[in-house]
Amino acid sequence: MTPNVISGNVSVGDSPAVNYHVSVDGTNLTTVTDDFGNYRLPGVVEGTGVMIVTNDGGKIIRKPFTIEKGQDLKMDFAF
């Protein structure tokens, strides 16, 4: 299995979502968004999974994905 990268942007309306938690469900892969709402999650293995984005207020977005060997994936989220 070859690790891949999932990256993207999280926004709230027209504004960046700063310090939102982004993770791959069922793994220890997690990060937080930067000052521009961007995130980068390296080490994702090929297959299917679910991305989870949460804020401190408890709002959650879940989005399924499929990533193939050697593929990097861009996933954006909007609250």
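A short reminder: the numbers here are calculations on the coordinates, not readings from a lab. Please read all numbers here as calculations on a predicted model, not as lab measurements.
Here the Karplus relation 6.51 cos²θ - 1.76 cosθ + 1.60, evaluated at θ = phi - 60°, turns the backbone of the stretch 37-52 into coupling constants of x, 7, 9, 8, 10, x, x, 7, 8, 5, x, 10, x, 9, 7, 10 Hz, with x for every Gly and Pro. Shown here are the Rg and Dmax of the Cα trace of the stretch 1-44, at 11.1, 37 Å. Matching the structure-derived Rg/Rh (Cα atoms, Kirkwood Rh) against the labelled list (i) 1.01; (ii) 0.96; (iii) 1.52 gives the label (ii).
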